[in-house]
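Enquirer: Handing you a structure now.
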Amino acid sequence: MQNLDEHTITDEAIRRLEGCKDARFKEILTSLTRHLHAFAREVKLTEAEWMQGIEYLTAVGHKCDDKRQEFILLSDTLGLSMLVVALNNRKPAGCTEATVFGPFHTDKASDFKNGDDISGGAPGEPAFISGTVRAADGTPIANAVVDVWQADGDGIYDVQYTDKNGALFARGRLHTDAQGKYAFKSILPEFYSIPTDGPVGEWIRRAGRHPFRPAHLHFMIQAPGYEKLVTHVFRSDDKYLDSDAVFGVRSSLISDWVRKEPGTAPDGSRMDKPVYTLDFDFVLPREAH
């Protein structure tokens, strides 16, 4: 078709997908085309603005590497990541809610035994974390993989450092015991800023938004026969719970971190400074058949 204009081009762009054999791909691309065209019409997008958008997305791509995923960060800060999580993780009553994955997970984390210290010397106040992983009917889930990671006491993830030769800390994998219990020592999580040295930080500043995330631990828990859970546990005393930069807070994931004075730690060791404890249970729904 020739002589397309602002009124006819959308229908023609969608018509040209008629030969697509992948029904789901065709459905997504059709809707994407329709909504993108509607967006351009609604805001009366100029050619200069569209070029700025292309240059911005190019810059986001250039900021990505094996340690930094700027596109995940962009998705997170636009609320899109949490929307997709919400659409795809409707949990039965009583099961632990999911939240955003974030850009700082790595498959290179070390394996630990229950009770081990996973902090790796990261700065921060010592914390002892424990709990149970169980099914919705209360059955303990033995040998579940508990993958945990967090920022250090300075609000920086290990993979963000460029001067530590790739050393990993404040993260690890362990397995629940026969009673579904897990336990490890780490550090108290603190609120922190998302990375603002790239294109995402640029738009956050321009939009007048703050870049902070409330203090939390990341968890990813997997067990055969159960749905995989990706979630956080937040500190109840954090001032950013109501304005998380990536919209990830769920009230059911907020918990008290109890401060204990120097003395005997939960693992029986002697501590000459205060420690914090967290007891948090996870409930997984069974996989649908």
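Enquirer: Over segment 134-220, what lengths in whole Å, largest first, do the semi-axes of the equivalent ellipsoid take, defined as the square roots of 5 times the eigenvalues of the alpha-carbon gyration tensor?
Expert: Over the Cα atoms of segment 134-220, the semi-axes work out to 32, 17, 10 Å.
Enquirer: Can you give me the angle between helix 47-63 and the longest principal axis of the chain, using Cα atoms only, in degrees from 0 to 90, rounded to the nearest 10?
Expert: Helix 47-63 and the main axis of the chain meet at about 30 degrees.
Enquirer: How big is segment 157-204 by the Kirkwood estimate over distinct Cα pairs, in Å?
Expert: 14.2 Å
Enquirer: Set the Förster distance to 35 Å, then compute FRET efficiency between residue 203 and residue 88 from the Cβ-Cβ distance, nearest 0.05.
Expert: Working from the Cβ atoms, E equals 0.85.
Enquirer: Lys/Arg Cβ at +1, Asp/Glu Cβ at -1, dipole of the chain taken about the Cα centre: which of 103, 143, 184 is farthest positive-ward?
Expert: Comparing the listed Cα positions along the dipole, 143 ranks first.
Enquirer: Give the distance, in whole Å, between the Cα centre of segment 30-54 and the Cα centre of segment 143-204.
Expert: What the calculation gives is 37 Å, centre to centre.
Enquirer: Can you give the direction-averaged projected area of the convex hull of the alpha-carbon atoms in segment 124-280, in nm²?
Expert: 11.2 nm²
Enquirer: Still on this structure, I have one more. What 222 nm value per residue comes from the helices of the chain, counting each DSSP H run with n ≥ 4 as -39,500 (n - 2.57) and dividing by all residues, nearest 500 deg cm²/dmol?
Expert: -7500 deg cm²/dmol
Enquirer: Could you work out how far helix 23-43 tilts from the main Cα principal axis of the chain, as a 0 to 90 degree angle to the nearest 10?
Expert: 70 degrees
Enquirer: What is the sum of charges around residue 285, taking Lys and Arg as +1, Asp and Glu as -1, for the other residues whose C-beta is under 13 Å from the C-beta of residue 285?
Expert: Summing Lys/Arg as +1 and Asp/Glu as -1 gives +1.
Enquirer: For each pair in 185/273; 164/273; 67/108; 164/239; 181/273, compute the distance between the two Cα atoms and list the pairs where it is over 21 Å.
Expert: 164/273; 164/239; 181/273
Enquirer: Roughly how many percent of the accessible protein surface of segment 1-56 is carbon and sulfur, given a 1.4 Å probe and a whole-percent answer?
Expert: With neighbouring chains kept in place, the figure for segment 1-56 is 57 percent.
Enquirer: Ratio of alpha-carbon Rg to the 2.2 N^0.38 Å globular estimate for segment 65-107, to two decimals, please.
Expert: Cα Rg divided by the expected 2.2 N^0.38 Å: 1.33.
Enquirer: Report, ordered by chain and residue number, the aspartates and glutamates lying within cross-link reach of residue 63, taken as a straight Cα distance under 14 Å and ignoring same-chain residues fewer than 8 apart.
Expert: Hits, sequence-local ones excluded: 55, 197, 202.
Enquirer: Here's something else I'd like to know. So, counting K/R as plus one and D/E as minus one, what does the shell of residues with Cβ under 13 Å around residue 187 add up to?
Expert: My count for the surroundings of residue 187 gives -2.
Enquirer: Something else about it: So what is the diffusion coefficient of the chain in µm² per second by Stokes-Einstein at 20 °C and 1.002 mPa s, using a Kirkwood Rh over Cα pairs?
Expert: After rounding, the answer is 100 µm²/s.
Enquirer: Follow-up question, since we're still on this one. Could you run the Karplus curve 6.51 cos²θ - 1.76 cosθ + 1.60 with θ = phi - 60° over segment 206-211 and give me ³J(HN,Hα) per residue in whole Hz, x for Gly and Pro?
Expert: Using θ = phi - 60°, the values come out as 5, 7, x, 9, 8, x Hz.
Enquirer: Can you give the longest run of the chain that contains no GluC sites (Glu not before Pro) sitting in a DSSP loop with at most 11 other Cβ atoms inside 10 Å?
Expert: 19-286
Enquirer: Next question, about the same structure. Calculate what fraction, in whole %, of the accessible area of segment 103-162 sits on carbon and sulfur atoms when a 1.4 Å probe is rolled over the protein chains.
Expert: Here it works out to 45 percent.
Enquirer: Relative contact order of the chain: what whole-number percent is it, with Cα pairs under 8 angstrom and at least 6 residues apart?
Expert: Worked out over the chain, it gives 20 percent.
Enquirer: Please give the net charge around residue 229, taking every other residue with its beta carbon less than 15 angstrom from that of residue 229, where Lys and Arg add +1 and Asp and Glu add -1.
Expert: After counting each charged neighbour, the total is +2.
Enquirer: Among bridges DSSP assigns within segment 135-289, what percent are antiparallel (round to 5)?
Expert: 90 percent
The values are calculated or read from the model by the stated rules, or taken from the named source; none is laboratory data. Predicted, not measured: the structure shown is a model, and the values here were computed from it. Every residue, glycine as well, gets a Cβ built from its backbone with ideal geometry; the counts of neighbours run over all protein chains shown. Note: areas computed on protein heavy atoms with side chains; ligands, DNA, RNA excluded. Shrake-Rupley method; radii C 1.70, N 1.55, O 1.52, S 1.80 Å.
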